[in-house]
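Colleague: Supplied in structure tokens, the structure appears directly below.
The values are calculated or read from the model by the stated rules, or taken from the named source; none is laboratory data. All values reported here derive from a predicted model rather than from experimental measurement. Neighbour counts are summed over all protein chains in view; Cβ atoms, including those assigned to glycine, are modelled from backbone coordinates with ideal geometry.
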Amino acid sequence: MLQQTSGQGQQRVLKVLATKRQAERVKSSFSGAVLTDEGFICHCVITDVSNTGMQLSLPKGTELPAQFKIKTPAVAETLLVNKAWVTGTNMGVVIDTVGA
């Protein structure tokens, strides 16, 4: 887990993280539904997207499994995603498959 840093240290961490991104991110504000095999979990807001993943804003206290599904009107298919990171109510996910 990354520790919070400030100043030049924070800039170095951000630079390293930026180089690990596999695709350009685009800011968004799509609504989505979080689903598991058991059914609907909660609504979310997709705050940025790329070809490989997205960032979600979730209700406070939301607990999700390592893998779950996202359904959004912005994409015709349901997306199977894997949790990559969590910070507060924000979560980064990697898209596993489309149409899951």
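Colleague: Checking Ala66 against (1) farther than 11 Å from Val94 by Cα; (2) loosely packed, with under 11 Cβ neighbours inside 10 Å, which test does it fail?
Modeller: (1)
Residues checked against (1) in contact with a helix residue (DSSP H, G or I) (Cβ under 8 Å, 6 or more places away or on another chain); (2) modelled with pLDDT under 90; (3) of a type in the set (Lys, Arg); (4) surrounded by 10 or more Cβ atoms within 10 Å (Cβ to Cβ):
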position	(1), (2), (3), (4)
Arg21	no, yes, yes, yes
Val26	no, yes, no, yes
Val34	no, no, no, yes
Gly39	no, no, no, no
Thr78	no, no, no, yes
Ile95	no, no, no, yes
Gly99	no, yes, no, no
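Colleague: A further question follows. Got a sec? Which of Val81, Val75 is in a loop (DSSP other than H, G, I, E, B), closer than 14 Å to Thr97 by Cβ and touching a residue at least 12 places away in the same chain (Cβ under 8 Å)?
Modeller: Going through Val81, Val75 in turn, the sole match is Val75.
Colleague: It is to be established whether one or more residues within region 51-66 are assigned to a strand (DSSP E or B) and more than 10 Å from the chain's Cα centre (by Cα).
Modeller: So far as region 51-66 goes, no, none of its residues is assigned to a strand (DSSP E or B) and more than 10 Å from the chain's Cα centre (by Cα).
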